[in-house]
1. Between Arg8 and residues 5 or more places away or on another chain, which pairs have amide H atoms under 5 Å apart, with H built 1.01 Å from N, and which residues are they?
2. Among Lys39/Lys101; Lys66/Lys90; Lys40/Lys66, which pairs are too far apart, with a Cα-Cα distance over 21 Å?
Amino acid sequence: MSEPIVVRVFDIVGGPLGVSADDGQRVYDKIALLLSEGKKVSLSFEQVETMISSFLNAAIGQLYGKFPEDRIRELLSVRDMDEEDRIVLKRVVENAKAYFKAPKRFDAAWKEEVGNNEE
């Protein structure tokens, strides 16, 4: 099989900060398109100095709502990420997998917790 396509987060977000969910969405859009085409992706965090979980939720977590876990594992790899950020990513992935197994249950629990102010 061919070499993975390197997707550089720094280039997509335009700098060293991964803190915006909107920027995470742009990363997701790029990855999701490539994965849907069956292409291997190596997601590089080179030069990214700061990341927060909401960015990673948007960039990677929501992949679990669109693709089966085994497909993500087969086609997506992450590189150039320090150990602290890998811990955050692992938590994001675990939470995403749990959420997408039963989203209605999680949404109902969230509404119960915060109240239904959307009426």
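Quick note: the coordinates plus some simple rules give every number you see, no bench work behind them. Note that the structure is a prediction, hence the values are computed from the model and not measured.
1. Amide H neighbours of Arg8, under 5 Å, 5+ apart: Ser44.
2. Violating the 21 Å limit, Cα to Cα: Lys39/Lys101.
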